[in-house]
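Quick notes on the structure that follows.
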Amino acid sequence: MTDGARRSRVAVVIFPGSNCDRDALGAVEAVGGEAVPVWHQSRDLQRCGAVILPGGFSYGDYLRAGAMAAHSPIMKAVRRHAEQGGAVLGICNGFQMLLEVGLLPGAMLMNRSLRFICRDVFLRVERTDLALLRTLSVGQVLRLPIAHKEGNWFADPAVVREVESGGAVAFRYCDAGGQVRPDANPNGALQGIAGLVNRDGNVLGMMPHPERRVARLLGGEDGRALVRALVEAA
């Protein structure tokens, strides 16, 4: 971006119960984008080129995590944006919303432990040939925090085969050395899946929180490149 150029606008959708919206807004600004808060009752994305569905407990996670948010007025605009090729990043509760509206395959179950988990995990980058992942490297290991009770990704065997064969896996849980191991999987997600992309590569959902790791003051910068890729895609 050259001096004086208009900054890329990224919408951060805020739902009742969102608790990571300020983190997302700050992360976008930290990498040079223009962060635009958008309330869930809005019906447009205010000319933004990318969207973040942030983490939290939208509508108190009643029914299922993300189920009620999937029917918010703004989600129709998010769906149109995605179907027209616009970039969308769903983080934690936002990933759950993307599953609920069918923009990504599968569903989220309770964590294997049936407990809320809040800690750092390692995840391995599986793809980088897409705009939302282009700032990363295949095999790169990121250390990012998770904070969820329903992060156990699940799907029918046929869907799992399609996800694997179609290259939909963006991230897998791993150990510090990049090995995908059962004991490195914090929630029991099938195939160790921590993040998925759609077929066109413009919709990314992930359970770990990159927006919480964009500065050393926040404990590290492993999420910074990922947020920057979203801003550039906008």
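FYI, it's all coordinate maths here, none of it is from the lab. In this text, all values refer to a predicted model and were calculated from it rather than measured experimentally. Backbone-built Cβ (ideal geometry, glycine too); neighbour counts: all protein chains shown.
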Restricting to strands (runs of 3 or more DSSP E) lying wholly in region 121-205: which have 3 or more residues that are farther than 20 Å from MET110 by Cβ and under 14 Å from the mean Cα position of the chain (by Cα)?
-> 169-174
Hits in region 122-176 (condition: touching a Cys at 6+ places or on another chain (Cβ under 8 Å), surrounded by 21 or more Cβ atoms within 10 Å (Cβ to Cβ) and closer than 26 Å to GLY102 by Cβ) = LEU123, ILE146, HIS148, GLY151
Could you identify the single residue in GLY32, GLY102, GLY90, GLY94 that is under 18 Å from VAL197 (Cα atoms), of a type outside the set (D, E, K, R) and assigned to a loop (DSSP other than H, G, I, E, B)?
-> GLY102
Got at least one residue in region 213-222 being free of Cβ contacts under 8 Å to residues at least 60 places away in the same chain, over 17 Å from the mean Cα position of the chain (by Cα) and in a strand (DSSP E or B)?
-> no
